[in-house]
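The values are calculated or read from the model by the stated rules, or taken from the named source; none is laboratory data. What you see is a predicted model, and the numbers here were worked out from it, not measured in a lab. For neighbour counting, all protein chains shown are included, and Cβ atoms are generated from backbone atoms with ideal geometry for every residue, glycine included. Surface areas here come from the heavy atoms of the whole protein model, side chains and all, with no ligands, DNA or RNA. Shrake-Rupley method; radii C 1.70, N 1.55, O 1.52, S 1.80 Å.
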Amino acid sequence: MSAQVAPPKHHMAFMIWLSVFPTLAVMELLLRPLLADLPVILRLLILTAIVVPLVVYLVLPRVQQGRALLLRRRNGRRDDGRGGGSVPTQRNRHAG
């Protein structure tokens, strides 16, 4: 089992923003009619109580998976120039 390396801080900051902004915008638009009469602080409390768990458990893990996929594809292209994996050679195809 290999140890996972944490992404650079600027990647993490971008992934968090990419997760939080759209989720917060959608939730605000959906809940605006229900929360319109509440004070701003209470609206923010309710919105963040909904958005933070959604981002932590649903959205951010998918964004991180997408980042990992992009990095694997980029590294694959760099390895053999074709974007695919390595092609087994005759020797290791028959190795037992």
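Structure above, values below:
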| quantity | calculated |
| --- | --- |
| Subset of the stretch 46-69 [touching a residue at least 12 places away in the same chain (Cβ under 8 Å) and of a type outside the set (S, T, N, Q)] | Ile46, Leu47, Ile50, Val51, Leu54, Val55, Val59, Leu60, Val63, Arg67 |
| Verdict on Arg43 being open to solvent by 100 Å² or more (accessible area, probe 1.4 Å) and either more than 11 Å from the chain's Cα centre (by Cα) or among the basic types (Lys, Arg) (or both) | no |
| Search result, residues across the stretch 4-40 that are loosely packed, with under 14 Cβ neighbours inside 10 Å, under 20 Å from Val63 (Cα atoms) and free of Cβ contacts under 8 Å to residues at least 40 places away in the same chain | Gln4, Val5, Ala6, Pro8, Lys9, His10, Ala13, Trp17, Phe21, Pro22, Ala25, Val26 |
